[in-house]
1. What is the packing order of peptides 206-216, 56-66, 126-136, 37-47, taking the mean over residues of other C-beta atoms within 10 Å and listing the highest first?
2. Considering only Gln28, Gln146, Gly108, whose Cα is most displaced toward the positive end of the charge dipole of the chain, charges sitting on Cβ of Lys, Arg (+1) and Asp, Glu (-1)?
3. Using only C-alpha positions, report the orientation-averaged shadow area of the convex hull of segment 76-173, nm², one decimal.
4. Please name which of Thr46, Val121, Met137 has its Cα lying farthest along the dipole of segment 4-138 towards the positive end, using unit charges on Cβ (Lys, Arg +1; Asp, Glu -1) and the Cα centre as origin.
5. Can you tell me the length gained on complete extension of the stretch Glu161 to Met177, counting 0.36 nm per residue apart and subtracting the Cα distance?
6. Let me know the charge dipole size of segment 40-151 about its Cα centre in debye, to the nearest 20, where only the beta-carbon of Lys, Arg (+1) and Asp, Glu (-1) is charged.
7. Below 20 Å, Cα to Cα, which lysines can Lys155 reach? Residues fewer than 8 away in the same chain don't count.
8. Over the chain, what relative contact order in percent results from Cα pairs under 8 Å that are six or more residues apart?
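The values are calculated or read from the model by the stated rules, or taken from the named source; none is laboratory data. This structure is a prediction, so every number in the text was calculated from the model and none was measured. Cβ coordinates were reconstructed from backbone atoms using ideal geometry, including for glycine residues, and neighbour counts include every protein chain displayed. We work out accessible area using only protein heavy atoms, side chains counted, and drop any ligands, DNA or RNA first. Shrake-Rupley method; radii C 1.70, N 1.55, O 1.52, S 1.80 Å.
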Amino acid sequence: MTNKLSLSIMCADQLNLKGALEDAARIQANFIHADIMDGNFVQNITLGFDQLRMLAETSSVPVDAHLMVSNLDMAIPLVLDTSCSHVCFHIEATPTPIRYLRQIRQGGKKAGIAINPHASVDFLHHIHQYIDYVLVMTVEPGFAGQKFLEHTADKIKQIRELIGPDKDIMVDGNISMDSAQLCRQYGANVFVLGTSVAYSKQQINEEQVQKFREKLDVPVP
């Protein structure tokens, strides 16, 4: 699998998101990672759907939307109405994931499932044929700056064994040089970069991103 970078837009300067999009294009990121938090599924609140729509329409870099919301019946149609390329939601948010995965694919997007650090991966036995990628949270969802949870690396290994070699596994949460190498060793290939690598005081750190590319063998797209 090709290694890829996704920049977490919530870690950029929220008063200059246009500049953050330009930064992502300049460093040739593969994706912009947009967290949608509702204050219910997680305590934090981030981008709204109108903001997401404007970001996706403006960005020359594909946007992957990460839904950390409880009301998927409301959220998914709104996200499908944007130019995002990838949409994932949390398995913990619904007892009927196949319905939403089909809805996302029918909307012309890549469909993903996100999984929290505490959750079992057993559900993938039953739905892996409906997903295009899996997002593994390596911290508890909701806030940047948390400590990487090392037990999640073994979960990545289990997921890779279940979904096979051809689908992406994205990792999100304190992805540093060291934690990314561990995740890659176990099968991850898409790395969401925030304050640990890509952003210093909400500004892009091009030198750190380049070092990450070289260390993790991430090709320029």
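1. 56-66, 126-136, 37-47, 206-216
2. Gly108
3. That works out to 6.3 nm², a quarter of the Cα hull's surface.
4. Of the options given, the answer is Val121.
5. My answer for the length gained is 3.4 nm.
6. The calculation lands at about 220 debye.
7. The qualifying lysines are Lys4, Lys147, Lys167.
8. This gives 21 percent for the chain.
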